[in-house]
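Q: Attaching a single structure in structure tokens format; questions to follow.
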Amino acid sequence: MATVQKILGAILKSAGLGITLGILATSGQVLAQGFPKQPIKLVVPWAPGGNVDITARAVAPALSEILGQQVVVENKPGAGGFIGTTGVVRAAPDGYTLMLGSSGSISVGPALARKAPYDPTTELVAIGPIHSVPMVLSASAKGDIKNFSDFSTKAKTAGEVISIGSAGNGSSQHLALELLALRMGIKLNHIPYKGSGPALNDLVGGQIDTMMDQLTASIAHIRNGTIIPIAQTGTTRSPLIPNVPTFEELGIPTFDMVTYTGIFGPAGIPQTVMDQLTAALQQALTRADVKERFTNLGVDIITLDRAAFQKYVNADFANSMAIGKAANIVINE
């Protein structure tokens, strides 16, 4: 959707960085001599079943075919994405250890941490973007919250505290739910998990009342009726859940948070290797099977070139720090 590109562009412009759209040209690139000679590890710093994991498993097969070596997805969840991401930061910068990064592990977590284990602006480099996706606030079908009005009424009732799950402390979902509580003037009982998958399981089972999550991870449960979507971020409604109002429609303005995903590696990867990996990713995103998969998940492929995406990531990190400070959110105290 064009609105997503507008959101990304607005953040870049607010940071005075400008925006560059379009697929990175691959003609005339110098390929790294003999790269890749062995399988490439693609680390997912979250548990299986969430937006980042789903995205990794959608692009890894295509990358394997294009690069001629297996791209192996490896889940390393824990500490709000810090464990897996720190491992990538400390890996040899040879292009064989990469990560499927997202707003949570790259922008939000380090921005909210009292002492982050890595600096995403200097210790990680962007290989390229993949997609952006709206977040959705959903309720368990086993509970008594059936719409946003129910959520609001219960949250504002004395003695009633709604439990709300997220992919973990410092995740983009965590930032979104804290911002929602701040805007509404309510208290929520935040339950952090080691990824969206485990949180969704508890939401389906009725162990938690609600959850803030990316639409990508939630859509299958929404379709089978085990969870109820009650509000979504973004400036327009997703075509996958057209009957669900945006937060802005519900009277919460400028709540248009979307999350991004992309591939990152440790700083210091040789330029020729970077170029080859970027070209492979861009080629993968043009494949019909990959595009169809992402369309069904309700995401928008990001068409920023590598340099513009890196600038966007840095700007989003600064933006997350500003929101965290305004909402007084600090993790791993």
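Values in this text are rule-based calculations from the coordinates and carry no lab data. Since this is a predicted model, take the numbers as computed values, not measurements. Glycine also receives a Cβ, built like all others from the backbone with ideal geometry; neighbour counts cover every protein chain displayed.
Q: Over 14 Å, how big is the tail of the calculated P(r) for the stretch 202-265, in percent of all Cα pairs?
A: Taking all Cα-Cα pairs of the stretch 202-265, the fraction more than 14 Å apart is 61 percent.
Q: Report the semi-axes of the equivalent ellipsoid for the chain in whole Å, largest first, where each axis is √(5λ) for an eigenvalue λ of the Cα gyration tensor. Before the final figure, lay out each step's value.
A: Working: eigenvalues 217, 77, 71 Å².
Calculated on Cα positions only, the semi-axes equal 33, 20, 19 Å.
Q: Would you mind ranking Val72, Val258, Val44, Val125 by Cβ crowding within 10 Å, fewest neighbours first?
A: With the sparsest Cβ surroundings first, the list reads Val72, Val125, Val258, Val44.
Q: Right, next: Taking every pair of alpha-carbon atoms in the stretch 135-232, give the share separated by more than 22 Å as a whole percent. Working shown, then result.
A: Numbers: 779 of 4753 pairs.
Taking all Cα-Cα pairs of the stretch 135-232, the fraction more than 22 Å apart is 16 percent.
Q: To continue, here is another question. In the structure shown, do any of Lys76/Lys187; Lys115/Lys146; Lys37/Lys311; Lys142/Lys291; Lys156/Lys325 have a Cα-Cα gap over 28 Å, and if so which? Please report the intermediate quantities before stating the final value.
A: Values: Lys76/Lys187 31 Å; Lys115/Lys146 39 Å; Lys37/Lys311 31 Å; Lys142/Lys291 34 Å; Lys156/Lys325 24 Å.
Cα-Cα > 28 Å for Lys76/Lys187; Lys115/Lys146; Lys37/Lys311; Lys142/Lys291; rest within.
Q: Roughly what % antiparallel, to the nearest 5, for the DSSP beta bridges in the chain?
A: Among the beta bridges of the chain, antiparallel pairing accounts for roughly 60 percent.
Q: Kyte-Doolittle cut-off -1.0, length cut-off 15 Å along the helix's own axis using Cα: show which whole DSSP H helices in the chain pass. Working shown, then result.
A: Working: long enough: 2-14 (18 Å, 0.86); 51-67 (24 Å, 0.83); 172-184 (18 Å, 0.69); 271-284 (20 Å, 0.01); 306-327 (31 Å, 0.00).
Length and hydropathy pass: 2-14, 51-67, 172-184, 271-284, 306-327.
Q: If you average the alpha carbon positions of the stretch 255-333 and of the stretch 187-240, how far apart do those two centres end up, in angstrom?
A: 22
Q: Please arrange His131, His190, His174 by counting, for each residue, the other beta carbons lying within 10 Å of its beta carbon, fewest first.
A: His190, His131, His174
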